[in-house]
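Quick notes on the structure that follows.
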Amino acid sequence: MARLRHTTFSGNSRGYRVLLVALGALVVNGLLSARQMDQAGHWVTGMSNQVVWGVAHVFAIFLIVTASGVLNIASISSVFERDVYKSEAYTAWARLSGLLAITLLLGGLLILVLDLGRPDRLIVAMTHYNFKSIFAWNVFLYTGFVLIVVVYLWMMFEQRMNRFVRSAGIAAFAWRILLTTGTGAIFGFLVARQAYDMAMMVPLFIAMSLSFGSAFFVLILASLHQHVHTKQKVELLTRLRMLLGNFIIAVLFITVIDHLAKLYAAGLHDFERFILMDGGIYPAMFWFGQVLIGSVVPLLLLFWRSKISGNISMEISIRRLVIASGMVIAGGFAQLYVIIIGGQAYPLALFPGMEVSSSFFDGEIASYTPSFHEFALGFGGIALALLITILVLRVLPFLPQEDQLSGKQT
Amino acid sequence: MIGKKLSRREVLTAAGAALLTLAPGVKLVDLAVAASKTANASKDEATDNLVRWGMLVDVNKCADGCTDCVDACNDEHGLRGQNNHNSRPETDAQYIRVLDIKDKTTGKQYSLPMMCQHCETAPCVDVCPTGASFRREDGIVLVDKHTCIGCRYCMLACPYKARSFVHENLTDQVPTTPRGKGTVESCNFCVHRVDRGEQPACVEACGKLGHQALLFGDMNDPDSELSRQLREKSTTQVRDDLNLNTGVRYYGI
C-alpha cells in the first residue's frame, strides 16, 4: 500500500479570499459585541437573573461538544484500527480531524470567556481553583485536550514518531470522553434544578458529541469538494453514513430514557408538561427541531431505501448524508437550546405543590429573547474556529492527496 | 535525672488527670472568646466556627403586604436599580424578596421573606470555579468581589434563586456594600453590621414595626434566643430534601 501523502491547501481562489474576509468580519463583529456587553453590562443581552446563560452558551457548548466529537475520525483511525473500521480513509483524514478538534474548542472557549461578567479576570480563573467545582475541572479538561491533540498531531506529522500514534490516539480518545463527561456534568450535577440533576446528562452529552462531531466533519468534507478530490474522501463519506446513523439513534435513545425517567416521577410532571407540551418555543424546538429535523428525517435520509429502485447510487447516498448532517447540526442547536434555556426558564420549585409569586419572578416561566450581541458572539466563535482552520490548512499539510496530484508533500 | 521509673499505668493516669483539669478551662476560654466575638465583634479579628450566625423566620408574624424588610435591605445595600429606580426588574438585584404562597390543594395562603439561606454545604460554594463564593467560618456565605469572574454558575446552582448578577454600571454605591458590574451578589446577612455587633437591616426593620417575624442570632450558642426558639419550635428548612443545613429556618409553614 502506498504511503499516504498530505498536502497544504493551495487554493487561492476568489471564493477562498471571500471566505477569509467573511469569517474575519464575523470574528470582529463578535468581538465588538463582547466589548459592548463588557462596557454596558449584560442588560444589553436577553439574559437576566432568571435566564443567566443564553444563546451564546448554546453556541459555546455546541462547539465544545462538537470539538471532541470531530476527533472521531482520528480516533477510529488509530484506536480502533484492528477491527472492521480499519480503513485508510480514516487515517487520511485524521490530521484534519485533530485540527478541527482544537479550533472548534478554541471557538467555544472564546465565547465562554467573552461572555463572563469579568472577562478581564481570565487570569483569576487560571490561578484560583476550587477543585470541587466542575467548572474548575473543565479548565483542565479543555487545556489538557488541546495539549494532547497537539501531541497526537505531532505523532501523525513526524514520520519518526508515527509508531506512537496509537498511544497518543488512545490518550486523546480517553481525554475526549472525559471532556464531554465534564461538560455534561456541568448540568447533570445541578441538584437544585428540575431540568438537570440527572447523571444521564453525561452519557447524553457524550452521544451528542459523537453525533454532532461526525455530522460536522461530513459538512467540512463536503465543503472541500471543489478543492480536494481524493478517493479516501468518498470512501470516508460512505463509511460515515452508518456511523452517524448509529450516533443519532444513541442520542434519541438517551433522550427518551431521560424523559421517561422524569415522567415517572410525580414531582417532575409539571416540568415535563412544560418542556414537552405547554412551554411554547421549547416543545416546538424539541419536537420539530431535535426530534423531527435533527433525528427522524436524517435517519430516513441515511437508511431509507425505496423498494422499487433498490440500491441508490453512491452520489445520491452522499448527497443525502450531507443534507442529513446539516439537519443533525440544526437539531443539535435546538436540543441544546431546550436543555440550556428551557431548563432555566422553568421556575425553581422552592415549595413543591404550591403556587408561588414574588417581585423576583418566582413561580413564573422566565421570558428570554436572545439579543443581537449574543448571536454575534456565538457566530464569532464559530467563525474563529473556521478561520484558524483554513489559515492553518494553508501552512501545514493537513489534507490527504492522491499520488497523481501535485502539491507539497510530507 | 528523675530516678523513679513511671509505669505505663501511672503515666496514663497522670495524663488523664491533667486533661480533666485542663479541658473545662479550654472550653471556658472558647466560650469567652465566642462571647467576646458576639459582644465586641472586633472588625479586625478573623471569624471562627465557634459562632454560627442564623435566622428564624416566624411566618405567622409576617404581615400581609408588608415589605419593610425588603425596603430596609435595598436601602442598606444601595440596591436601587438603573438610574436609581427599578426600571429593569428582570435584571435588577434583589437580596431579599417576599414570596406569596398559596397551597393549591387547601387554599391556605401566606407570605414569607426569601433570601440566601446561608447553607452549611452551599451549592454555590461547591460550583464556584475560583472559590469566590465562600462560606465564612461563622456561617455567612459571601462572594469575594475580587475573584468573582461573573460566570453565573452559582446562580444556576442555588436552589433558592437567592443570587443576582450586576447587569449594569453602578453609581452612588453604599460604602459598606461594595458591588461590581459583572459579578454576582446576594444577601450577606449584613456582614458589616454583624461584625459591629449589630443586627441585619431586615431584622431591625421588622422589629421596629413590632412584627418581630425575624430573629437573628448565634445558632451555636445554646443560650441565645435563636437557639432557644429553634429548640422549642418545630421549624423547617426550605428544600430540606437537599440536606443543606441552612442557616435560615422557617416556623409556621
Check: Do we find that A:Phe288 is aromatic (Phe, Trp, Tyr) and open to solvent by 70 Å² or more (accessible area, probe 1.4 Å) in this structure?
Finding: yes
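Condition check ((1) open to solvent by 40 Å² or more (accessible area, probe 1.4 Å); (2) free of Cβ contacts under 8 Å to residues at least 12 places away in the same chain; (3) hydroxyl-bearing (Ser, Thr, Tyr); (4) within 28 Å of A:Ile111 (Cα to Cα)) across all residues:
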position: B:Pro89; (1), (2), (3), (4): yes, yes, no, yes
position: B:Ala93; (1), (2), (3), (4): no, no, no, yes
position: B:Lys102; (1), (2), (3), (4): yes, yes, no, no
position: B:Lys108; (1), (2), (3), (4): yes, yes, no, no
position: B:Cys116; (1), (2), (3), (4): no, no, no, no
position: B:Gly150; (1), (2), (3), (4): no, no, no, yes
Check: Among the residues of region B:153-163, is there at least one that is among the hydroxyl-bearing types (Ser, Thr, Tyr) and more than 9 Å from chain A (Cβ to nearest Cβ)?
Finding: no
Check: Out of all the residues in region B:126-147, which are within 10 Å of chain A (Cβ to nearest Cβ) and farther than 19 Å from A:Trp137 by Cβ?
Finding: B:Asp144, B:Lys145, B:His146
Margin query: Which count do you get for residues in region B:171-183 that are within 9 Å of chain A (Cβ to nearest Cβ) and open to solvent by 30 Å² or more (accessible area, probe 1.4 Å)?
Written below: 1
Notebook entry, point to check: Which of (1) of a type outside the set (Phe, Trp, Tyr); (2) assigned to a helix (DSSP H, G or I); (3) surrounded by fewer than 19 Cβ atoms within 10 Å (Cβ to Cβ); (4) touching a Pro at 6+ places or on another chain (Cβ under 8 Å) does A:Val234 not meet, given it meets every other one?
Noted result: (4)
Note to self: For the condition farther than 15 Å from A:Ile186 by Cα, open to solvent by less than 40 Å² (accessible area, probe 1.4 Å) and within 13 Å of chain B (Cβ to nearest Cβ), what is the one hit in A:Ala101, A:Ala125, A:Ala136?
What the structure shows: A:Ala125
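The rows are residues; the columns are (1) outside any helix (DSSP H, G or I); (2) aliphatic (A, V, I, L, M).
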residue: A:Thr180; (1), (2): no, no
residue: A:Phe187; (1), (2): no, no
residue: A:Asp197; (1), (2): yes, no
residue: A:Leu204; (1), (2): no, yes
residue: A:Ala207; (1), (2): no, yes
Next item on the list: Could you list all residues from region A:285-307 that are touching a Leu at 6+ places or on another chain (Cβ under 7 Å) and among the aromatic types (Phe, Trp, Tyr)?
Entry: A:Phe286
Notebook entry, point to check: Do we find that A:Gln39 is open to solvent by 50 Å² or more (accessible area, probe 1.4 Å) and either in a helix (DSSP H, G or I) or at pLDDT 95 or above (or both) in this structure?
Noted result: yes
Next item on the list: Kindly provide the set of residues from region B:198-227 that are closer than 17 Å to B:Gly65 by Cβ and free of Cβ contacts under 8 Å to residues at least 12 places away in the same chain, ordered by number.
Entry: B:Gly210
Note to self: Would you confirm whether or not region A:328-349 contains a residue that is more than 12 Å from chain B (Cβ to nearest Cβ), open to solvent by 40 Å² or more (accessible area, probe 1.4 Å) and small (Gly, Ala, Ser)?
What the structure shows: yes
Margin query: Take the residues in region A:350-365 that are under 20 Å from B:Ala157 (Cβ atoms) and of a type in the set (A, V, I, L, M); name whichever of them is most open to solvent (accessible area, probe 1.4 Å).
Written below: A:Val356
Note to self: Can you pull out every residue in region B:153-170 that is farther than 10 Å from B:Val184 by Cα and either of a type in the set (Phe, Trp, Tyr) or under 19 Å from the mean Cα position of the chain (by Cα) (or both)?
What the structure shows: B:Ala157, B:Cys158, B:Pro159, B:Tyr160, B:Lys161, B:Ala162
Note to self: Scan region A:42-57 and tell me whether some residue there is away from every other protein chain (no Cβ under 14 Å), open to solvent by less than 10 Å² (accessible area, probe 1.4 Å) and either in a helix (DSSP H, G or I) or in contact (Cβ under 8 Å) with a residue 40 or more places away in the chain (or both).
What the structure shows: yes
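The values are calculated or read from the model by the stated rules, or taken from the named source; none is laboratory data. This structure is a prediction, so every number in the text was calculated from the model and none was measured. Ideal geometry is used to build each Cβ from the backbone, glycine not excepted, and the neighbour counts take in all protein chains shown. Ligands, DNA and RNA are excluded from the accessible area calculation, which covers all protein heavy atoms including side chains. Shrake-Rupley method; radii C 1.70, N 1.55, O 1.52, S 1.80 Å.
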